[in-house]
Amino acid sequence: MSTLEIKNLQVSVETDEGSKQILRGVDLTIKSGETHAIMGPNGSGKSTLAYSLAGHPKYQITGGTVTLDGADVLAMSVDERAKAGLFLAMQYPVEVPGISVSNFLRTAVTAIRGEAPKVRTWVGEVKAAMADLSMDPAFAERNVNEGFSGGEKKRHEILQMELLKPKFAILDETDSGLDVDALRVVSEGVNRIKSNSEVGVLLITHYTRILKYIKPDFVHVFAAGRIVEAGGAELAEKLEEKGYAEYVTA
Amino acid sequence: MALASNILENHTTPTGREEAWRFAPLSRTRGLHDVDAPIVDRPSLKALSSASGFTFTLVDGATSLSNTDDVVALKVRKNTARVQELKIEKNAVVAEPIFLSRDLQGSGVGVAEASRLLIRASAHSQATVVIENSGSITLAEEIEILLEDGAQLRFVTLQEWDEETVHIGRHHAIVGRDATFTSYVVTVGGGFVRLLPTVEYAGPGSSAELFGLYFAGKDQFLEHRVHVDHAIPHAKSRVHYKGALSGAGAHTVWIGDVFIKAAAEGTDTYELNRNLLLSDGARADSVPNLEIETGEIVGAGHASTTGRFDDEQLFYLQSRGIPAEEARKLVIRAFFMEILSKLSLPEIEERIAATIDKELNYDFA
């Protein structure tokens, strides 16, 4: 059982007009096996939270703490955070020319597990995971994210989540840009990983539709850089009906 | 052979406005492009291996086999009385690579020197020739390569020069009937390097595959100007060059001229250039050019891409547990190995990869 604990997290970014505060004291605790949805309007700071947890250099932590089973996440480099068990499925996965998906996956898994996977089992492991996500095996020979469609990029993110087996996965708008079929495939992938592991999930989304496929245990409403309301799955239904209006006028 | 363009006196010193010279910083050639600047005749290659199946000799007054309007190649011809000739004997199968290395005894960057090499791959011979260039020199060279019918030649040139080296060269292959020419041009050193890998065909059923990789660090200028002339039916060409750049003032030029003449029915050609920019302040010029005078061909295509490796890519790889330094090496090695691994010369592959790693550490320090 692991715990990811975010306390009073405050984050700024540099802009042309100087430093701008985005996160204004985020408090959130996630335990293994739990699924938390963070919902909020555009510009509320949801993605900033995701990238700050992963350690993107653009975001400056100005206050608060993040710990994973007591270890100081904010003191870790980006790759150390991944090794500690954090995974960020990105909204806009980056194209990396020159490196094939298969080489990338193998290198990442070697880094995370601390040893190269056995060749014999590895090939089967990747093939099975790709088949589960309805991915063509030829995909493995393409360059990372280069020329991928929106759906292919998101499947590739979930494929990595499956192979890297994180303790906590942050899914940043994984539903954006997906048609209904792709959304179903990706959601089933996440559910399969959840049922086969103890992963804790932080599901960041603007819309409620992905919550029909991935059931959250907790729903948090995010506005103006902090959590303004928390509840169970029923809170998502309320948002579906009434939208974010009451949170953004404040 | 008596084309007017083949005579140096019919040319003037390039000014930089000519199409062929428009990318090159002429102030950095140490006069090699100047038709009047002095240059000494020095046959500077020596053979390191002495297996059977070939001879390596110095020949007086050999005539040239090809036409060119390249000023530097013509200057080399005019100023050399002797040609080094590597002859692979008829039907010989030379299993071990033949290494020719540049002997710098008596050289210095202050004295421009000219070198001419003729490689004769006799009918139905098979060989690999590796030319190793390292050290400091101001060198103009012409290498003419004749593949007789059915010959198979792998031709490797390694430019691992020191940073003060200026090297301008023309490597011209004439590919005979059913002959197969494969060239690998690897340029990872030198301050100013300009190479013209060019190909013509002398009979049908012939094939040329031209591979190249280059890495330009800070203030290095590396130009590769490929030219494939399809004037014979049923010949094939493949051109695949990849380059990476890192550091302020790093500049690479890749030109891929492929001409398919009206007589060249059944031509099959494809050329590809990919560049990877690893830092700000570097510039990669890439100009594929395909001219087709007949529609009766198997295929003709070209592609050119120039991409960046930036902080977002680094973040992405790091977020998957891969340390920053390893991420850089991974991307660059993967990019180059596609070409490098085709050499089938493990020691050289490892040496080139290590050179690139070293340059990167330097540039990112």
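Side notes on the structure shown:
- Residue match in the stretch B:210-218 (condition: farther than 24 Å from B:ALA24 by Cβ, among the basic types (Lys, Arg) and surrounded by fewer than 24 Cβ atoms within 10 Å (Cβ to Cβ)): no
- Residue that is among the polar types (S, T, N, Q) and either in contact with a helix residue (DSSP H, G or I) (Cβ under 8 Å, 6 or more places away or on another chain) or facing another protein chain (nearest Cβ under 8 Å) (or both), where the choices are A:SER102, A:SER47: A:SER102
- For A:ALA89, the conditions (1) out of contact with any Ser or Thr (no Cβ under 6 Å at 6 or more places or on another chain); (2) of a type in the set (A, V, I, L, M, F, W, C); (3) open to solvent by less than 40 Å² (accessible area, probe 1.4 Å) all hold with the exception of (1).
- Residue that is farthest from the chain's Cα centre (by Cα) [pool: residues in the stretch A:70-96 that are within 11 Å of chain B (Cβ to nearest Cβ) and closer than 17 Å to A:GLY150 by Cα]: A:VAL96
- Only a single item in (1) at pLDDT 95 or above; (2) small (Gly, Ala, Ser); (3) within 25 Å of B:ALA62 (Cβ to Cβ) is not met by B:SER107, and it is number (1).
- Residues located in the stretch B:98-133, provided they are open to solvent by 10 Å² or more (accessible area, probe 1.4 Å) and among the β-branched types (Val, Ile, Thr): B:VAL109, B:VAL111, B:THR128
- Residue in the stretch A:115-126 that is more than 9 Å from every other protein chain (Cβ to nearest Cβ), more than 14 Å from the chain's Cα centre (by Cα) and within 30 Å of A:THR208 (Cβ to Cβ) present: no
- Residue check for A:GLU162: within 15 Å of the chain's Cα centre (by Cα) and within 14 Å of chain B (Cβ to nearest Cβ): yes
- Every residue from the stretch B:279-293 that is in a loop (DSSP other than H, G, I, E, B) and either within 13 Å of another protein chain (Cβ to nearest Cβ) or among the charged types (D, E, K, R) (or both): B:ASP280, B:GLU293
- Residue list for the stretch A:56-111, restricted to those being within 24 Å of A:SER187 (Cα to Cα) and in contact with a Gly (Cβ under 7 Å, 6 or more places away or on another chain): A:ALA82, A:ALA108
- Filter result (at the interface with another protein chain (Cβ under 10 Å from one of its Cβ atoms), open to solvent by less than 40 Å² (accessible area, probe 1.4 Å) and either at pLDDT 90 or above or within 20 Å of the chain's Cα centre (by Cα) (or both)) within the stretch B:320-354: B:ARG320, B:GLY321, B:ILE322, B:PHE335, B:PHE336
- Which numbered condition B:LEU277 fails, given (1) modelled with pLDDT under 95; (2) over 17 Å from B:GLY212 (Cα atoms); (3) buried (at least 16 other Cβ atoms within 10 Å of the Cβ); (4) not aromatic (Phe, Trp, Tyr): (2)
- Residue match in the stretch B:141-163 (condition: on the phi > 0 side of the Ramachandran plot, buried (at least 24 other Cβ atoms within 10 Å of the Cβ) and either not in a strand (DSSP E or B) or not hydrophobic (A, V, I, L, M, F, W, C) (or both)): no
- Residues of the stretch B:280-292 that turn out to be of a type outside the set (A, V, I, L, M, F, W, C) and touching a Phe, Trp or Tyr at 6+ places or on another chain (Cβ under 8 Å), as a count: 3
- Flag if B:GLU296 is in contact (Cβ under 8 Å) with a residue 40 or more places away in the chain, among the acidic types (Asp, Glu) and either buried (at least 20 other Cβ atoms within 10 Å of the Cβ) or in a loop (DSSP other than H, G, I, E, B) (or both): no
- Given (1) more than 9 Å from chain A (Cβ to nearest Cβ); (2) open to solvent by less than 20 Å² (accessible area, probe 1.4 Å); (3) of a type in the set (S, T, N, Q), number of the condition B:SER304 does not satisfy: (2)
- The stretch A:165-250 holds strands (runs of 3 or more DSSP E) entirely within its bounds, and those carrying 1 or more residues that are at pLDDT 95 or above, surrounded by 15 or more Cβ atoms within 10 Å (Cβ to Cβ) and aromatic (Phe, Trp, Tyr) map to A:168-172, A:218-223.
- Residue match in the stretch A:140-150 (condition: assigned to a strand (DSSP E or B) and within 13 Å of another protein chain (Cβ to nearest Cβ)): yes
- Only one of the numbered conditions (1) over 19 Å from A:ASP172 (Cβ atoms); (2) under 17 Å from the mean Cα position of the chain (by Cα) is not met by A:ALA37, and that is (1).
- Unique match (being touching a Lys or Arg at 6+ places or on another chain (Cβ under 9 Å) and buried (at least 18 other Cβ atoms within 10 Å of the Cβ)) among A:SER100, A:SER134: A:SER100
The values are calculated or read from the model by the stated rules, or taken from the named source; none is laboratory data. Quantities reported herein were computed from a predicted structural model and do not represent experimental measurements. When we count neighbours, we look across all protein chains shown, and the Cβ atoms used for this are built from the backbone with ideal geometry, even at glycine. Only protein heavy atoms, including side chains, enter the accessible area calculation; ligands, DNA and RNA are left aside. Shrake-Rupley method; radii C 1.70, N 1.55, O 1.52, S 1.80 Å.
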